[in-house]
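Asks: A single structure is presented below for examination.
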Amino acid sequence: MLIKRAADIKSSEITPESVWLRRRDFIRGAAAGVALAGLPRLSFAEDSGRRALDFTPAADLANDAFRTDEPLTPLQHVTHYNNFYEFGTQKGDPARYAGRLTTEPWTVKVTGEVERPGTYALEDLLRGIPLEERIYRLRCVEAWSMVIPWVGFPLATLLQRLRPTSRAKYVSFQTVMRRSEMRGQRSGTALIDWPYVEGLRIDEAAHPLTILAVGLYGKELPNQNGAPLRLVVPWKYGFKSVKSIVRITLQERQPRTSWNQLAPHEYGFYANVNPEVDHPRWSQARERRLPNTLFNPNFIDTVLFNGYGEQVASLYSGMDLRRYY
Ligand code: MTE
């Protein structure tokens, strides 16, 4: 991956946090079933055609790790500073070109070591699973980071529904292959052997912090963020959080993963955020928290496991994190 400076983003393009907080209060009322006189339930769609979602706000969830008090990254940055190489390698390419991706209908193929394999329509696969908000830090391996209010559900909930067999030791995920709609898949610029694939060990996949997201900022995912279904693993570098998933495979062996295959010395299978283990071409000790400017670069220290060590360190006890990077 290349490191780039944040493109200058006009302040007029930034969604003020106060607007978001007002919306959140509204959603909270709606999710709690509170009648808001004269307002249809979940009816605000002022900034785009994305549908609003019904979910439990992070503030109401029992686990403190499911939210953070750090300021949210404005919606404009979350949706216009992206890595989604299927649409190009520039940060603005996904916002520019992902609108072309057709996300309805959407099917997910479930294969391998499960009792309930099959090709599921997305709505059937997720039917009845309650949505939750999770406010997580996202730390990219390129040394920038954001704080994003996702809407989704624990991957563990879906795995329970699919019933992995005792031979399932890993889960792998595959992004949609759609050359006609994804210009990056037609060009060889990214050097990725499409489709994009990622994977987790089964205990990482079943960890309560690991979610499948269907939305952010209270609404359905924008295409550039991986609509209609993407993984979010907050203690790992962002490249593990594979977008626009069409295939989930439970398997006995460690799956191959796109970035590891492309540059094995630079991108490991585990990819846990670790300030002590530098990328061969740059330091991982610090990160640029978006939004930032030339005059306020907003660098902060990177924390082991992206600050989720208390929750996840035990998954790696006894493992040499330099070797298993
Ligand atoms: N998934 C696919 N299919 N293709 C990609 O290029 N980029 C990854 C990850 N998931 C990528 C992907 C990287 S490097 C990061 S940092 C995150 O998506 C960025 O997610 P965001 O654009 O929603 O912030």
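Throughout, read-outs are computed from the coordinates displayed, never taken from laboratory work. Quick caveat: nothing in here was measured; it's all calculated off a predicted structure. Glycine also receives a Cβ, built like all others from the backbone with ideal geometry; neighbour counts cover every protein chain displayed.
Asks: Could you tell me what fraction of 2.2 N^0.38 Å the Cα radius of gyration of segment 6-315 comes to, as a two-decimal ratio? Show your work: numbers first, answer last.
Replies: Details: Rg = 18.8 Å, N = 310, 2.2 N^0.38 = 19.5 Å.
Taking the Cα Rg and dividing by 2.2 N^0.38 Å, one obtains 0.96.
Asks: Suppose a student asked you for the relative contact order of segment 134-292, using Cα pairs under 8 Å spaced at least 6 residues apart; what percent would you report?
Replies: Relative contact order here is 30 percent.
Asks: When we measure straight from the Cα of LYS91, which aspartates and glutamates land under 19 angstrom away, once same-chain ones fewer than 8 places off are left out?
Replies: The qualifying aspartates and glutamates are ASP8, GLU13, GLU142, GLU181, GLU287.
Asks: What number, in percent, do you get for the relative contact order of the chain if the mean sequence gap of Cα pairs under 8 Å and at least 6 apart is divided by its residue count?
Replies: With pairs under 8 Å counted, the relative contact order is 18 percent.
Asks: Short version: ³J(HN,Hα) in whole Hz for each residue of segment 217-227, in order, from phi by Karplus 6.51 cos²θ - 1.76 cosθ + 1.60 (θ = phi - 60°), x for Gly and Pro, what are they?
Replies: Coupling constants for segment 217-227: 6, x, 10, 3, 4, x, 3, 5, 9, x, 4 Hz.
Asks: I need the shape label for segment 161-220. Rule: rounded when a/c is under 1.5, else prolate if a/b > b/c, else oblate, with a, b, c from the alpha carbon gyration tensor. Let's see the in-between values first.
Replies: Numbers: a/c = 2.64, a/b = 1.52, b/c = 1.74.
Oblate.
Asks: Would you mind giving the average projected area, over all directions, of the Cα convex hull of segment 82-154 in nm² with one decimal?
Replies: Approximately 7.0 nm², given one-decimal rounding.
Asks: A further question on this structure: Can you sort SER172, SER244 by how many other beta carbons sit within 10 Å, fewest first?
Replies: Numbers: SER172 22, SER244 25.
Ascending number of Cβ neighbours within 10 Å: SER172, SER244.
Asks: What distance in nm lies between label points placed 7 Å from Cα along the C-beta direction at ARG100 and LEU315?
Replies: 3.5
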